[in-house]
Every structure is written in structure tokens, then in C-alpha cells.
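Scroll down for the structure; my scribbles are underneath it.
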Amino acid sequence: MAQGVMVIAEQREGEIRKVSFEVVSEGKRLAEKLGQKITAVLIGSNVKDKAASLGHYGADKVIVADDPRLKHYTAGAYVSLVADMVKANEPAVLIMGASVQGKDFAGRLAARLGVGMAQDCTAFELEGGNLVATRPVYAGKAYAKVTFSDNRPHIATARPNVMAMNQPDTSKSAEIVDAAVNLDDAAIKTKVVDVIKDAGGRVDLTEADKIVSGGRGMKGPEGYKVLEDLADALGASVGASRSAVDAGWRPHADQVGQTGKVVSPNLYIACGISGAIQHLAGMSTSKVIVAINKDPEAPIFQRADYGVVDDLFKVVPALTEAIKKLG
């Protein structure tokens, strides 16, 4: 009989990503409501020494698949391993972060197991032991509550920076279990041959606590220098609207929106962004939204908590200087 909660932890270069601690924390709350245990899965190369940290956030057991071939995420290898773990452990609920990797992974795993899956969720609850997931629809204009058929596990991904993360308790420990890595190399159809890193060294947008974004109002790629300066002062990451990316002013990795990255920072500063539906869908769950735009009719002001109607090239440098003085 299916029981308990399983979460998939995500790592990059051997370091566990923040969203993993968020889903462990949320998984712990769900497991406690069920009166059952939570198991975390950690896959990678030379990652076993990181497994204990998942216990500090609430995991009762951590299954570790550690193998050089698992250093980088590949769908074939990861899905095969986790599908076997699910069949062996029979969890009732399985959640992971709605990162680029998590979204790809969850869809493929659900297809492999023949079960339902809810993507990019902002809240979870339980009704009669069944998972009920809340997720945005219609570009964030509405929220839908979805539930699942009787087939287990119920699989869902959690939007980063939305689920409350427990304070780590180092006095708590988890049982660490080594998983057998039985991979048929011939069955793995893809492999990562090279990783090209962003030279900026900033936190990935999906996990950033603060984001400064620019749109068509930046007038060109050179305009982003003022945003980079503000981001440096705030310790923030830099994003962009689709129009700015399509114009070639910023790389696609910086795009915030329905066809870019969905973000939920504590602070989102939109500079020269009109507020098209596509962009709002990617950042509307931000805790505090500040809009700077010289057009008082820009739709972004309808979603903003604070708005400044003025030339961003006057406002942003002044804001940067003020923050530097406070720092």
C-alpha cells in the first residue's frame, strides 16, 4: 500500500539547491499530516556527504544514488533510477522543485509510472489522504485546485521561493541509505559533454531573493549597466523581459515570463517593463513588486506594490547611490 512522502532533491556541481530544502520542508508538513515518514532522494556524483543536510530540514531518510555517470542531470538515467525507487518504496506523494530540471524530470517520471502530475504549484493540501495542488492558470490570472486519480504516487512540482522553508535543525538526522546504481550505459541516450557557465556569477533567477529586471525601456544592451550597478548594490540578480531578449539585449537565460523563467523573489524591481501578460505570468507571485516606468498607464503598475513614474535612467542611479550609502 502506498504511503509516505518522497521528495527529489536537486543538486548542481555537488551543492544542493535551495528549492530542495523548500520541498523537503513542505514534504515534511505533508508527511506529518498523513502521520507518515518523508524520504528524500539525492542523485549525483560525490554528493553523499551532502545528504545529512536534508535531514536538518526534516527528511527522515535519504536515499543516495552516487555515481560519476550521474554528475549531470540526464533524463534517461535519472528517470530510470527514480522509477525503480518509487516502485520499491511506494510513496503516496512525490514532489520536487519546479526548476528547469524539475519540470522536465517530473513530466518524464509521471509518464514512465503512468500517474498524474501537477506542474508549477504554489500550495499543497491534503483531502482524505489525497494531494490537492494549487497552480496558476491563464498566465497567472486565476488559480486552479487540482487533485489526482487513485493511481499513486501523486506527483507535483513546487514553484521555487514559494514554499516556506524550515529553519535547519542540526540536531536532527536522517537515515542515509545507498541506492544500487544499476544503469545500462547503452540505454542512456544523452550525455552532457560541456557546461558553459554564466560569467556573471549571480544567483540563478529562479532562486534569487532579489531581482532587478529591464524591458524595452532600457533602449539597448548598454542600458543594462545601470541595472547591473543596482543589482550589485542590492546583492540581486538581473532579469529581462521577452522583448529585451528578442532584441538581443540579454541572453535567454535572463528572460522572466511565461516562455522564460518563473520567479518568486522577495523583491522584484521592474524597470522600463510595460507589464505584458506574458511577463506578469513569470513574476506575479513576487512578494514585493516595484515598478519604474515613465508611462503612468503601463499595466505593470496594476500589479506593483510601489510605483515610480519617471525616467528610469534618472531614478535607478539615484536609488543605487542611496542604497550604497545605507550599506
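Laboratory data are not the source of any read-out in this text; all were calculated from the coordinates shown. Please read these numbers as outputs of a predicted model, since none were measured by experiment. Because the Cβ atoms are built from the backbone with ideal geometry, glycine has one as well, and the counts that use them run over all protein chains shown.
Under 5 Å from the amide H of C121 lie the amide H atoms of T157, A158, R159, each residue being 5 or more positions distant or on a separate chain, with H modelled from the backbone and absent for Pro and chain starts. Helix 75-89 axis versus longest C-alpha principal axis of the chain: approximately 50°, rounded to the nearest ten. Note on the chain: with charges restricted to the Cβ of Lys and Arg (+1) and Asp and Glu (-1), its dipole about the Cα centre is near 360 debye. In this structure, the pairs whose alpha-carbon distance is over 24 Å, taken from K219/K261; K172/K210; K50/K287, are K172/K210; K50/K287.
On the principal axes of its alpha-carbon atoms, the range 205-326 has extents of 37, 30, 28 Å, going from largest to smallest.
With each label modelled as a point 7 angstrom along the Cα→C-beta vector, the K48-A88 pair spans 1.4 nm.
Restricting the calculation to Cα atoms, the chain shows an Rg/Rh of 1.00 when the hydrodynamic-style radius is the Kirkwood one. Relative to the dominant Cα principal axis of the chain, helix 224-234 is inclined by about 60°.
Here is the list for the range 79-147: trypsin sites (Lys or Arg not before Pro) lying in DSSP coil, each with at most 11 other C-beta atoms within 10 angstrom of its C-beta, are K141.
Taking a ≥ b ≥ c as the square roots of the eigenvalues of the Cα gyration tensor, the range 184-260 is prolate, since a/c reaches 1.5 or more and a/b is larger than b/c.
Here the spin labels are modelled as points 7 Å beyond Cα on the Cα-Cβ line, and at A144 and N266 they lie 3.3 nm apart. Stretching the chain fully between A123 and D184 yields a gain of 18.2 nm (0.36 nm per residue, less the alpha carbon separation). Computed from point charges on the beta carbon alone (+1 for Lys and Arg, -1 for Asp and Glu), the dipole magnitude for the range 205-326 about its Cα centre is near 80 Debye.
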